[in-house]
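This report concerns only the one structure given below.
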Amino acid sequence: MTHSHDVVVVGAGLAGLVTTAELVAAGRRVLLLDAEPAASLGGQAWWSFGGLFLVDSPEQRRLGVRDSAELALADWLGSAAFADDGSDRWGRAWAEGFVEFAAGGLRPWLHRQGVRWFPLVQWAERGGYLADGHGNSVPRFHVTWGTGPGLLEPFVRSLLAAHRDGRVEVRFRHRVTAVTTTDGRVTGVRGDVLAPDVAGRGAPSSREVVRTFDVDAPAVVVATGGIGANHALVRATWPPTAGRLPDRMLSGVPDHVDGSGIEAARGAGAHVAHTDRMWHYPEGIANHTPVWTAHGIRILPGPSSLWLDADGQRLPVPLFPGFDSLGALRHVTSRGDDHSWFVLDRTILGKELALSGSEQNPDLTGRDVGLLLQRVRRGAVGPVETFADRSPEFVAAATPAELAAGMNALTGTSRIDPDALARTIAARDAQVTTGLGKDLQVTATAMARRYVVDRAIRVAPPHRLLDPAHGPLYAIRLSVLTRKTLGGLATDLEGRVLRPDGEVLPGLWAVGEASGFGGGGVHGHRALEGTFLAGGLHTGRVTGRALADTL
């Protein structure tokens, strides 16, 4: 049978675009389908901070950071905690390949396409456990100059050129509802053509069906992302051992990230692995200008803020800001709470708080050097100041008693005891004034300032929260923010989707978050940040090249 297309790629996010670029470069004919309007080309990646996990990079070396593939893999394995029963066989193999790529070909490949990075490498997921436990031993979070949009540029440019030349056909508003099979082999997709919609990027779009469609092709690639906007599914698959996700949650991804592509593949006989592994954040705040439903923004904190539970008690060691996101989330959910708190002051607000996402970082996204210089000046950067002024999640006060009253007013409870809050802050301040101290957060914060980037732009000098010179005090209510799926369609090292019996499901491939960023779970139980965008790049590149070789 002659087909008009060699491959159908379902999903026009980063992983789908990279896969398409690799297939086109090999001379393959591609049909790219996406349920959203053309305005949302690039998917979730456009909204991202553009952070990439790179190992032993020139940026690290210039800052005196000593990194290696061996150290990075040790950190990865300590964080992933892969099972020894064989269920993580493919995830671990993809992890080893990814770390090798992050330490070798990833940066030169992107650099040749014009991608550049902010020179100050950030330190995410610091861990705080023993040497072989979770966390990054060194800073590895490289922010793309231009953030998410900047990372997408070469792949969008490639797609548009291929489309003009007739090498790629792109059909927006085509929602795939089923992966079709013939005699046990995937032979195409079926779905709905949705009504035209002028919704802006990321905004909810109409699901009115105009007609149905069927497409036949010898290969189908699922690149539709995870389940983060499908809160019912997120709750249903959250592990019971980690407590209960709250009724009130925020979404860190647009509405279309609903798991539908994964379910369509499952319906064709694909194995979906590790559905209970997810990467959500406890440090979400509602966007004061939302784009999608329950639109939330993640705070990227420095290490100095006190992290308190809903009753005003400090989270246990080492659940400090920026150290173990999943550990902090599970602590919140195991208590049955829907929020926790950061308590800080004006100085920490100005030095340490950043907001994730391209739209919250106009200096980096717009490649505006003048605006970027504001980050090294006194006071918070513009978007943080805006949130502090406009968001009801921020409470400001002159004293702990006033702060407690504002926190209770926001939640409509009396869970924060003003005297207890004052004692907690005073006890922390007493440790700071020693110049040494036994408080592990205080000592970890002092250690962070040994890194030149943290000292310059990310970690405030040690000081008392109750010193009026650094006031006022702030409390920020933090909510659960859904984000990433760590499990997904099980794949081999070429990106071929596997059946539940471990055999290849012929004709079906998967990339990006839909594949758990490779193997159905490259991260294991915990991620190291910068690995989601990079995982989309890696799986798209590897799978696209392997698939091109088979056609």
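The values are calculated or read from the model by the stated rules, or taken from the named source; none is laboratory data. Everything quoted here is computed from the prediction, not taken from an experiment. When we count neighbours, we look across all protein chains shown, and the Cβ atoms used for this are built from the backbone with ideal geometry, even at glycine. Areas reflect the complete protein model, heavy atoms only, side chains present, ligands, DNA and RNA absent. Shrake-Rupley method; radii C 1.70, N 1.55, O 1.52, S 1.80 Å.
State whether region 206-249 is rounded, prolate or oblate according to the following rule on the C-alpha gyration tensor (a ≥ b ≥ c being the square roots of its eigenvalues): a/c under 1.5 gives rounded; otherwise a/b larger than b/c gives prolate, and the remaining case gives oblate.
oblate
May I ask you to evaluate 6.51 cos²θ - 1.76 cosθ + 1.60, the Karplus curve with θ = phi - 60°, for each residue of region 354-367 and list the ³J(HN,Hα) values in order in whole Hz, giving x for glycine and proline?
Coupling constants for region 354-367: 10, 10, 6, x, 5, 6, 8, 9, x, 5, 6, 5, x, 6 Hz.
Based on Cα coordinates alone, diagonalise the gyration tensor for region 413-497, multiply each eigenvalue by 5, take square roots, and list the semi-axes in whole Å, largest first.
38, 22, 13
Calculate, for region 1-142, the solvent-accessible area per residue in square angstrom, rolling a 1.4 angstrom probe over the heavy atoms of the protein chains.
Averaged over the residues of region 1-142, the accessible area is 38 Å².
First compute the accessible area of the chain with a 1.4 Å probe, then give the percent of it belonging to carbon and sulfur atoms.
Of all accessible area on the chain, carbon and sulfur atoms account for 53 percent.
Name the helices (complete DSSP H segments) of the chain with a Cα length along the long axis of 18 Å or more and a Kyte-Doolittle mean of at least 0.5, or state none.
none
Taking region 64-121 on its own, what percent of its Cα-Cα pair distances exceed 14 Å? Kindly include the intermediate steps, with their values, before the conclusion.
Numbers: 1075 of 1653 pairs.
Above the 14 Å cut-off, region 64-121 has 65 percent of its Cα pairs.
Considering just Cα atoms, how many Å³ per residue does the convex hull of region 320-412 enclose?
Taking the convex hull of the Cα positions in region 320-412, it is 127 Å³ per residue.
Could you work out the local net charge near Arg244, counting Lys and Arg as +1, Asp and Glu as -1, over the other residues with Cβ closer than 14 Å to its Cβ?
Net charge in that neighbourhood comes out at 0.
Output the peptides 247-258, 397-408, 274-285 sorted from most to least packed, where packing is the average of other Cβ atoms within 10 Å over each peptide's residues.
Highest mean packing first, the order is 274-285, 247-258, 397-408.
How large is the convex hull of the C-alpha atoms of the chain per residue, in Å³?
Expressed per residue, the convex hull around the Cα atoms of the chain is 139 Å³.
Would you mind calculating the relative contact order of the chain from Cα pairs under 8 angstrom and at least 6 residues apart, reporting the percent as a whole number?
Answer for the chain is 23 percent.
Would you work out if region 20-122 is rounded, prolate or oblate? Take a ≥ b ≥ c from the square roots of the eigenvalues of the alpha-carbon gyration tensor; rounded if a/c is under 1.5, else prolate when a/b is larger than b/c, oblate otherwise.
On the way: a/c = 1.89, a/b = 1.26, b/c = 1.50.
Oblate.
Tally Lys/Arg at +1 and Asp/Glu at -1 over every other residue whose Cβ is under 11 Å from the Cβ of Pro196; what's the total?
Every neighbour counted, the sum reads -1.
Taking N as the number of residues in region 85-180, what value does Rg over Cα atoms divided by 2.2 N^0.38 Å take?
Scaled against compact globular proteins, the figure is 1.50.
Please list the radius of gyration and Dmax for region 248-317, considering alpha-carbon atoms only, with Å as the unit.
Over region 248-317's Cα set, Rg and Dmax evaluate to 16.9, 50 Å.
Return, ordered by residue number, the residues of region 201-219 whose backbone nitrogen is under 20 Å from a label point located 7 Å along Cα→Cβ of Ala39.
The answer is 201-210.
Over region 303-401, what is the mean sequence separation of C-alpha contacts under 8 Å (at least six apart), divided by residue count, expressed as relative contact order in percent?
Working: 88 pairs, mean separation 22.2, N = 99.
After rounding, I find 22 percent.
Out of every Cα pair in region 473-514, what percent are spaced more than 16 Å from each other?
52 percent
Once a ≥ b ≥ c are taken as the square roots of the eigenvalues of the Cα gyration tensor of region 202-302, is the result rounded (a/c under 1.5), prolate (a/b larger than b/c) or oblate (a/b not larger than b/c)? Let's see the in-between values first.
Values: a/c = 2.34, a/b = 1.42, b/c = 1.64.
The shape class here is oblate.
What does the charge add up to near Ala430, with Lys and Arg as +1, Asp and Glu as -1, over the other residues with Cβ less than 15 Å from its Cβ?
Neighbour charge sum, excluding Ala430 itself: +2.
With bins 5 Å wide starting at 0, give me the P(r) of region 116-273 over every alpha carbon pair, in whole percents.
Going out from 0 Å in 5 Å bins, region 116-273 shows 1, 7, 9, 12, 15, 17, 15, 10, 7, 4, 1, 0 percent.
Let me check against my output: what whole-number percent is the relative contact order of region 118-245, with C-alpha pairs under 8 Å and at least 6 apart?
After rounding, I find 13 percent.
I'd like to check one number: the per residue accessible area of region 351-441, probe 1.4 Å, reported in Å² as a whole number. Can you show the working numbers first?
Values: 4480 Å² over 91 residues.
Each residue of region 351-441 exposes 49 Å² on average to a 1.4 Å probe.
Say each of Met447 and Thr212 gets a label point 7 Å from the Cα, pointing the same way as Cα to Cβ; how far apart are those two points in nm?
Label at Met447, label at Thr212, 6.0 nm between them.
If amide hydrogens are placed 1.01 Å from N in the peptide plane, which non-local residues have theirs closer than 5 Å to the one on Leu355?
Under 5 Å from the amide H of Leu355: Leu300.
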